[in-house]
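Read the structure below first, then the notes.
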Amino acid sequence: RLRVEAARASDQWEFSTATDTAWSFGSGSGDGLLPLIQLDYGVPVDAGNRVARSPRVELGVTARHQDGADGARIAGMRLWTSYDDGAHWTEVTGRKGSHSGSFTFRADHMRAAAGGRVSLRVRAWDAAGNEVEQKVVRAYGLR
């Protein structure tokens, strides 16, 4: 298990003020690269890193192994949102996408206040049992 936490306390950072990423993986012989799963986010933000406060915001997340590593196929993913910097989480319904490791989730941001911020928590795993869980506090804002 490998865990990395980072935080920014400067007033210049409105978004992604904290991240917490934990990888669980098997180790042993192989090509020397750990089977760490990486997450790539596709959120329809504007130039100010905000999305519309809407009942149908599509969030795309793709899980893949780190560059150069051979890993098992991505087997699943779950996503949660929070409007109070991670104190409470709500699971978002998702579906597997057309590309390997891609998933689309439809978030309902109507319960949040305009001008609020959305935190994300994602858990993804592969067929070999390797997984990642990542929290991004204040990932984006709402307009």
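The values are calculated or read from the model by the stated rules, or taken from the named source; none is laboratory data. All of these numbers come straight from a predicted model, not from anything done at the bench. Positions of Cβ are generated from backbone atoms using ideal geometry, with glycine treated the same way; all protein chains shown enter the neighbour counts. Ligands, DNA and RNA are excluded from the accessible area calculation, which covers all protein heavy atoms including side chains. Shrake-Rupley method; radii C 1.70, N 1.55, O 1.52, S 1.80 Å.
What is the magnitude of the charge dipole of the range 1-117 about its Cα centre, with +1 placed on the Cβ of each Lys and Arg, -1 on the Cβ of each Asp and Glu, and no other charges, expressed in debye to the nearest 20?
Charge dipole, the range 1-117, about its Cα centre: 440 debye, nearest 20.
With an 8 Å cut-off on Cα pairs and a minimum separation of 6 or more residues, tell me the relative contact order of the range 4-143 in percent.
It rounds to 32 percent for the range 4-143.
Select from Arg64, Arg73, Arg117 the residue whose mean-square fluctuation is largest in a Gaussian network model of the chain (Cα-Cα springs shorter than 10 Å).
Fluctuation is largest for Arg73.
For the range 2-143, with all protein chains present and a 1.4 Å probe, just round the carbon and sulfur fraction of the accessible area to a whole percent.
Taking all protein chains in place, the range 2-143 shows 46 percent carbon and sulfur surface.
Which residues does a label at Glu5 reach in the range 60-99, if reach means a backbone N under 15 Å from a point 7 Å past the Cα toward the Cβ?
Answer for this model: 86-87.
For the chain, build the charge dipole from Cβ charges (+1 Lys, Arg; -1 Asp, Glu) around the Cα centre, then report which of Trp89, Gln66, Ala6 sits farthest towards its positive end.
Result: Trp89.
Taking the Cβ of Asp85 as the centre, find all other residues whose Cβ is under 14 Å away and add up their charges (Lys, Arg: +1; Asp, Glu: -1).
+2
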